[in-house]
Amino acid sequence: MSYTEQELAKADEVIPRVSLTNYKNDNNRKIMVDVRQLEELQASGTVKGALHIPKGVIEFRMNNNKDVNEDTSIYVFCAVGIRSALAGYNLKKIGYKNVFNLISFQDILDQGAEVESVS
């Protein structure tokens, strides 16, 4: 098993896969983060209100986000759920307690999320 496969298996153990309903019903301070690349967002849009923080820089950007603390609920998603699982796992490793994987952009759309365009 490759290193990435090992990390993904660990991520799947500790980062719960949840639905958009879980996000909507979460009464804690929360954010939704799209970890896809900008080109992907420009091609398909993103979920209305989601922050765009690519997976490769998420730890740095979250640690410098004054609106987020270790107790903030962080919901991540990507195109198919792999990058979001790994990004969520990395956030867990640096101290964020409430990290959830919304899986894929299409899953969220299928659950009724609104889309906004990205330029």
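The values are calculated or read from the model by the stated rules, or taken from the named source; none is laboratory data. Since the model is a prediction, treat every value here as computed from it, not as a measurement. Note that we place each Cβ from the backbone using ideal geometry, even for glycine, and neighbour counts take in every protein chain shown.
Data table
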{"quantity": "Any hit, the stretch 54-73, residues being of a type in the set (Val, Ile, Thr) and in contact (Cβ under 8 Å) with a residue 40 or more places away in the chain", "calculated": "yes"}
{"quantity": "Residues of the stretch 14-69 satisfying the condition of being loosely packed, with under 14 Cβ neighbours inside 10 Å and among the small types (Gly, Ala, Ser)", "calculated": "43, 49, 56"}
{"quantity": "Helices (runs of 4 or more DSSP H) contained in the stretch 1-87 and holding at least 3 residues of a type in the set (S, T, N, Q)", "calculated": "20-25"}
{"quantity": "Which numbered condition residue 96 misses (of (1) touching a residue at least 40 places away in the same chain (Cβ under 8 Å); (2) surrounded by 17 or more Cβ atoms within 10 Å (Cβ to Cβ))", "calculated": "(1)"}
{"quantity": "Flag if residue 73 is modelled with pLDDT of 95 or more, surrounded by 19 or more Cβ atoms within 10 Å (Cβ to Cβ), more than 19 Å from residue 116 (Cα to Cα) and of a type outside the set (Lys, Arg)", "calculated": "yes"}
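Residue by residue, here is whether (1) farther than 22 Å from residue 116 by Cα; (2) in contact with a His (Cβ under 7 Å, 6 or more places away or on another chain); (3) at pLDDT 95 or above holds:
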| residue | (1), (2), (3) |
| --- | --- |
| 22 | no, no, yes |
| 25 | no, no, yes |
| 32 | no, no, yes |
| 39 | no, no, yes |
| 44 | no, no, yes |
| 48 | no, no, yes |
| 57 | yes, no, yes |
| 69 | yes, no, no |
| 78 | no, no, yes |
